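I have placed the structure first, in the form of structure tokens, so that the comments after it can refer back to it.
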Amino acid sequence: MQTDSFQLFITLLLYSLPGLIVGFTLHELAHAAVSVRFGDEGPRRDGRLSLDPVKQIDPIGFGLLIAIGFGFARPVMINTLRIRSAARQALVAFAGPATNLLIAAAAGAVLRIWVAASPDVTVPNNGLVAFGDFPYFGRGGASFIAFWVLYQTMYINALLFVFNMIPIPPLDGFKVLKGAFGRLIPGVIRWMERNAQLLAVAGLAAIFLLPRLGNDTGGNVLTSATERVVNFMYHGDPPPVTGFDSLLNALSGR
């Protein structure tokens, strides 16, 4: 069972890598581009106006994502003193998650058209569709492989959108909240900034740790919210597996 879990992890990770690399790279590029557009030249000087994944993806954060299921890209350094409007600061923060949402929507649109034209594309050429029979990477035929790369691109980028829009520091969702509503709820924003570390630890524990401790995959609100976004974009029968698990869980057989 442990071997099966590891092989399935490797398969789904390989299908997910294109969507992860594109999603992380364009997410950070969007932050940089909008920031420069609003007057902060720092990202340009830092070389962040680039499609080069090496400049946008943090190798440690990417490695942690694969190993334990939680990671990070290389954040763009934004000088908010150069972007005086709170609304513009909110737009800079929203640019990254919005880009992930657009990538997911584009992949979902292609999938819907493709499946409508060729319904059998979701079934591997060996006809097996059950979770335990999911073909390992490279098997199932070219169309099946391409379908899964697109599906994982949609799913991963929907996940990046949902996760980054959680309104707790230091995520983009909090920056959007601060920029959009900071003048209406200044006391709440100041309290959240003073307790940023506590909120981050508590929020991440609630999302990732508690469901694992309780062995309750259905209780993961991040997964549930992501699946709602995916179901809105793609109305076909859901594949037997989605996303990819962490290496830690794969090796433990969970």
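The values are calculated or read from the model by the stated rules, or taken from the named source; none is laboratory data. Predicted model, so just to flag it, every value in this text is computed and none were measured. Neighbour counts run over all protein chains shown; Cβ positions are idealised from the backbone, glycine included. In case anyone asks, the SASA skips ligands and DNA or RNA and just uses the protein heavy atoms, side chains included. Shrake-Rupley method; radii C 1.70, N 1.55, O 1.52, S 1.80 Å.
Laid out as a table, the results:
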{"quantity": "Matching option when the condition is in contact (Cβ under 8 Å) with a residue 12 or more places away in the chain and either over 27 Å from Tyr151 (Cα atoms) or part of a loop (DSSP other than H, G, I, E, B) (or both), among Val22, Val36", "calculated": "Val36"}
{"quantity": "Close pairs from region 4-18: first modelled with pLDDT of 90 or more, partner in a helix (DSSP H, G or I), Cβ under 7 Å, at least 6 apart", "calculated": "Leu13/Ile66; Tyr15/Trp148; Tyr15/Val149; Tyr15/Gln152; Ser16/Gln152; Ser16/Ile156; Pro18/Val149; Pro18/Thr153"}
{"quantity": "Cβ-Cβ under 8 Å pairs, at least 6 apart or on other chains, region 81-99 side within 29 Å of Gly19 (Cβ to Cβ), far side surrounded by fewer than 19 Cβ atoms within 10 Å (Cβ to Cβ) and of a type in the set (S, T, N, Q)", "calculated": "Gln89/Thr80"}
{"quantity": "Selection count, region 45-57, where residues are open to solvent by less than 30 Å² (accessible area, probe 1.4 Å), assigned to a loop (DSSP other than H, G, I, E, B) and not aliphatic (A, V, I, L, M)", "calculated": "3"}
{"quantity": "Selection count, region 99-123, where residues are modelled with pLDDT of 90 or more and among the small types (Gly, Ala, Ser)", "calculated": "6"}
{"quantity": "Restricting region 80-100 to residues that are among the polar types (S, T, N, Q) and over 19 Å from Gly47 (Cβ atoms), the residue that is least open to solvent (accessible area, probe 1.4 Å)", "calculated": "Asn100"}
{"quantity": "Residue list for region 60-79, restricted to those being touching a residue at least 12 places away in the same chain (Cβ under 8 Å), surrounded by 15 or more Cβ atoms within 10 Å (Cβ to Cβ) and either of a type in the set (D, E, K, R) or not in a loop (DSSP other than H, G, I, E, B) (or both)", "calculated": "Gly61, Phe62, Leu65, Ile66, Arg74"}
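Matching residues to (1) surrounded by 16 or more Cβ atoms within 10 Å (Cβ to Cβ); (2) of a type in the set (Phe, Trp, Tyr); (3) at pLDDT below 80; (4) closer than 21 Å to Phe94 by Cβ:
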site: Ala146; (1), (2), (3), (4): no, no, no, no
site: Val176; (1), (2), (3), (4): yes, no, no, yes
site: Gly187; (1), (2), (3), (4): no, no, no, no
site: Leu198; (1), (2), (3), (4): no, no, no, no
site: Val201; (1), (2), (3), (4): no, no, no, no
site: Pro211; (1), (2), (3), (4): yes, no, yes, no
site: Asp216; (1), (2), (3), (4): no, no, yes, no
site: Ser224; (1), (2), (3), (4): no, no, no, no
site: Met233; (1), (2), (3), (4): yes, no, no, yes
